[in-house]
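> Just passing along the structure, written as structure tokens.
The values are calculated or read from the model by the stated rules, or taken from the named source; none is laboratory data. What you see is a predicted model; the values in this text were computed from it and never measured. For the accessible areas, the whole protein counts, side chains as well, though only heavy atoms, and no ligand, DNA or RNA atoms are used. Shrake-Rupley method; radii C 1.70, N 1.55, O 1.52, S 1.80 Å.
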Amino acid sequence: MRPDGKRVKSDDAEYAVVPHIMVERNDSLNFIEINVPLAPMQKYLNEKRKEGISISHLALVLAAYTRIVGEFPLLNRFIVNKKIYARNELAVGMVVLKANSDNGTMSKVKFDPSDTVFEVNDKINAYIDTNREAGDNNKTDKLVSTLLSIPGLLTVGVAIFKWLDKHGLLPYSIVDASPFHTSMSITNLASIRTNHIFHHIYNFGTTSVFLAMGNSVEIPYKKPNGELDSEKCIPFGCVMDERICSGVYFAKAFRKFRKYLANPELLEVKPEETAVIKEVVYRADRKK
């Protein structure tokens, strides 16, 4: 029993076989560009600012993603050692630049599938404020500093971590500090004024989805009357481990993702029920 997930024995023979054919995560990557209209998001954010509430574009995006994980729990699965697992937490990896520096730190922030956009925004702000400070302020930084403290320890330590992780023996304290053990990783490249990319997913760890936001772009579309027009969109480069679910499932999930970002007010209230709770009991719930 892994500390970060529960083994899933799939009823679908195809998905039981696929991890044996595509053994490594980089064997099984699919890439897609997702363009989300900016106008509804910007209108919502402007309205909230008039109410004295400051919400970031990143918070909206992560609130929408958190919500679809609750409705499409297979997004929160991962593959290790040819076995399928349902993750017992919703953790998102993010890089934060240190204050007055080009150097950053990558750690993760945890959400609940029932979080509202306001709760997501508060968690992101707290995460950024903590990690922007100089020094080793998170578990990831402290783990890396320990591994670098003795010559050769990093090489030996990482090799041991990989072996333990493959066999489900990596302690939760290490999993909790690892930015490679996440539900999803995200990078906001628009914050440094550059375009979106298709970011690789690491073979080490359990991350199954990587989203990269880029500068807004004009996307052409055809009006009902046949005329061509364009709208400003936020582009996302999305890389997915196709072994966790079908292409149809991914498509349905990201259609819902776009729906939430087109109607952000839907994220202000908690969902009545989230499907993910049916699949696995979250670590936070087990502690209660």
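> log₁₀ I(q)/I(0) of the stretch 167-230 at q = 0.11, 0.23, 0.24, 0.29 Å⁻¹, via Debye over equal Cα point scatterers, no solvent, to two decimals?
The computed values of log10 I(q)/I(0) come out as -0.46, -0.95, -0.98, -1.14.
> Also, I was wondering about something else. Consider just the alpha-carbon atoms of the stretch 153-193 and return their Rg together with their Dmax, both in angstrom.
My reading of the Cα-based Rg and Dmax gives 13.9, 41 Å.
> Kindly identify the stretch 200-251 as rounded, prolate or oblate by the Cα gyration tensor criterion: order the square roots of the eigenvalues as a ≥ b ≥ c, call it rounded if a/c is under 1.5, otherwise compare a/b with b/c, prolate if a/b is larger, else oblate. Mind dumping the intermediate values first?
Details: a/c = 6.01, a/b = 2.04, b/c = 2.94.
Because a/c hits 1.5 or more and a/b fails to exceed b/c, the stretch 200-251 counts as oblate.
> Hey, another quick one. Search the structure for amide H atoms under 5 Å from the amide H of I84, placed 1.01 Å from N in the peptide plane, and list their residues when 5 or more places away or on another chain.
Here the answer is V8, since their amide H atoms fall under 5 Å of that of I84.
> With a 1.4 Å probe and every protein chain left in place, tell me how much accessible area I53 has, in Å² to the nearest 10.
Approximately 60 Å² for this residue.
> Of K6/K83; K223/K256; K83/K162, which pairs sit farther than 19 Å apart, going by alpha carbon to alpha carbon? Kindly include the intermediate steps, with their values, before the conclusion.
Numbers: K6/K83 10 Å; K223/K256 22 Å; K83/K162 16 Å.
Going by Cα-Cα distance, K223/K256 fall outside the 19 Å limit.
> Please identify, among I219, I79, I201, the residue showing maximal mean-square fluctuation in a Gaussian network model of the chain using a 10 angstrom Cα cutoff.
Between I219, I79, I201, it is I219 that shows the largest mean-square fluctuation.
> Which value at 222 nm does the chain reach when only helices count, each DSSP H run of 4 or more adding -39,500 (n - 2.57), with the total divided by all residues and rounded to the nearest 500 deg cm²/dmol?
Rounded to the nearest 500, it is -11500 deg cm²/dmol.
> With springs only between Cα atoms under 10 Å apart, run a GNM on the chain and tell me which of F111, F210, F254 wobbles the most.
Among F111, F210, F254, the largest mean-square fluctuation in the Gaussian network model of the chain belongs to F254.
> Which value, in Å², gives the accessible area per residue of the chain when a 1.4 Å probe is used on the protein heavy atoms?
About 50 Å² of surface per residue is accessible.
> If I ignore ligands, DNA and RNA and count only protein heavy atoms, how much of S145 is accessible to a 1.4 Å probe, in Å² to the nearest 10?
Solvent-accessible area, nearest 10 Å²: 50 Å².
> Then there is this: State, to one decimal in nm², a quarter of the convex hull surface area for the C-alpha atoms of the chain, i.e. the direction-averaged projected area.
With the hull built on Cα positions only, its mean projection is 17.5 nm².
> I've got another one for you. Would you mind checking which residues have amide H under 5 Å from R2's amide H? H placed 1.01 Å from N; only 5 or more apart, or other chain.
Hits under the 5 Å cutoff: R7.
> When the accessible area of the stretch 47-186 is computed with all protein chains present and a 1.4 Å probe, what percentage of it is carbon and sulfur?
58 percent
> Same structure again: Quick check: the angle from helix 139-148's long axis to the longest principal axis of the chain, C-alpha only, nearest 10 degrees?
Relative to the chain, helix 139-148 is tipped by roughly 40 degrees.
> Note the angle between two axes, namely the Cα long axis of helix 57-71 and the longest principal axis of the Cα atoms of the chain, as a number of degrees from 0 to 90, rounded to the nearest 10.
Roughly 70 degrees between the two axes.
> Given a cut-off of 27 Å, what percent of all Cα-Cα pairs of the stretch 1-152 lie beyond it?
Across the stretch 1-152, Cα pairs with separations above 27 Å total 42 percent.
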